[in-house]
Ligand SMILES: *[C@@H]1O[C@H](CO)[C@@H](O)[C@H](O)[C@H]1NC(C)=O
Ligand SMILES: *[C@@H]1O[C@H](CO)[C@@H](O)[C@H](O)[C@H]1NC(C)=O
Ligand SMILES: *[C@@H]1O[C@H](CO)[C@@H](O)[C@H](O)[C@H]1NC(C)=O
């Protein structure tokens, strides 16, 4: 069934409620590679030396990131997750890497990664132990922050296991202060709201003041149902989380699992498109040494990355759910708009979604340029108020468009309104 659309209305968009963490970092969503989803807590270097958590893995990943265009595409941070640690602190009470798997130590690894023009991310935990049972930072925030700074670490992912939930806020804020006190700017990636949600609605004003990005929902798995549940969570909570995003402060829906085993190509396109719409940090968790060319091309697609990194720095949101389609939109710099149409009907072939500029679609008054970016690049040309445009959307796939006004009212911010085939107006689900 075809669905009609839409009108752009003028609306002032408020800026985020409070200041973001002032460390000069993550002014655009952070991009890099993180080991967890693909390599987990594989510490068996005897039987699986190529895939175990060891300095070799990150050095090889850094090499490939430079050689194969990842760095050039914007992926900059090479990040460790859980299981890099020794079970024991050193004689001065400092965390140390497992000496068998990281014989050179983290400082040397950071130097190596820096020599490639990349940055190093590390992992620790706000509680008494990490999720995998290694030493946690509780009671050691200042020591650990200083240790990471001394090593030249550029990003800290701070997990939330093994701490009474009533202390989460204090713990995350204390670590934020400890990082600041080192005098070295370190991207601070939190999981504070994820661990608070079961008990209380998190205070996103406080979170964005302390953290550069924060996880809200469960760990991503290598499956469409997992990616879909994260997207559904973001949609269900968008009036809480979307206003919290902005330069230096981002909602983190977790890693990109593109290039692994669980997603069809259409589903990989959906993850990439929706992570761009959601202004998500882009941390790939895959094996860059062995990745299929099509997934690589998708992950390095400059037009999609440009949407993710858009200078207006506004997170997009679900605008309409109708006929098993979800229409997501993200306002972009210079009154452009990105539109992602997701087909959640997981049966049959591609279905047509009708995009017709209706009276009031100001962005197309008198005309606009529409470009299709996914599933493949196509200039759809100049559209006017009279246009009828039908895009095809694959099952569990996403068709991604950008809309660029050619002329019209240059001032102001535009929003879409949607109208179905019966002519019923659907107001945006979100009012910023
Ligand atoms: C520490 O915080 C102050 C005040 O917010 C800020 O001006 C400064 O740049 C921060 N320093 C680092 C290293 O993050
Ligand atoms: C945070 O720091 C304050 C001030 O030093 C201290 O009183 C409090 O116990 C700390 N909380 C946690 C969870 O570390
Ligand atoms: C949320 O945090 C902010 C900043 O720390 C604080 O001013 C505000 O009172 C908090 N709100 C609630 C409801 O606790």
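Values in this text are rule-based calculations from the coordinates and carry no lab data. Model, not experiment: these values are computed from the prediction. Reconstructed Cβ throughout: ideal geometry from the backbone, glycine too, with neighbour counts over all protein chains shown.
Structure summary
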| item | result |
| --- | --- |
| Anisotropy class of the chain from Cα gyration tensor, a/c 1.5 cut | prolate |
| Spacing of the two label points (7 Å from each Cα toward its C-beta) at residue 92 and residue 237, in nm | 3.9 nm |
| Rounded to 10°, Cα long-axis angle of helix 141-151 versus longest principal axis of the chain | 90 degrees |
| Sorted by Cβ neighbour density within 10 Å, fewest at the top, the residues 40, 255 | 40, 255 |
| Residue order, fewest to most beta carbons within 10 Å, for 81, 290, 222 | 290, 222, 81 |
| Among 316, 348, 381, residue whose mean-square fluctuation peaks in a GNM of the chain (springs only between Cα atoms under 10 Å) | 348 |
| Max mean-square fluctuation residue, GNM over the chain, Cα-Cα springs under 10 Å, options 274, 400, 118 | 118 |
| Share antiparallel - DSSP beta bridges, the chain, percent rounded to 5 | 65 percent |
| Whole-angstrom gap from segment 185-208 to segment 58-87, using each part's C-alpha centre | 25 Å |
| Residue 48 paired with residue 128, simple spin-label distance in nm, labels 7 Å along Cα-to-beta-carbon | 3.0 nm |
| Chain lengthening between residue 225 and residue 63 when straightened (0.36 nm per residue, less Cα-Cα) | 55.1 nm |
| Most fluctuating residue given options 184, 46, 228, as computed from a GNM of the chain linking Cα atoms under 10 Å | 46 |
| Angle in degrees between helix 265-277 and the longest Cα principal axis of the chain, rounded to the nearest 10 | 90 degrees |
| Extension reserve of the residue 22-residue 56 stretch, reckoned as 0.36 nm per residue once the Cα distance is removed | 8.9 nm |
| Cα-projected label distance for residue 380 with residue 181, points at 7 Å along beta-carbon direction, nm | 5.4 nm |
| Degrees separating the helix 105-115 axis from the principal Cα axis of the chain, which is the longest one | 40 degrees |
| Extension gain, residue 116 back to residue 264 (0.36 nm per residue minus Cα-Cα distance, nm) | 50.0 nm |
| Modelled label reach - residue 334, point 7 Å along Cα→Cβ, segment 300-323 residues with backbone N closer than 18 Å | 302-314 |
| Residue exposure sequence - 187, 173 - by fewest surrounding Cβ within 10 Å | 173, 187 |
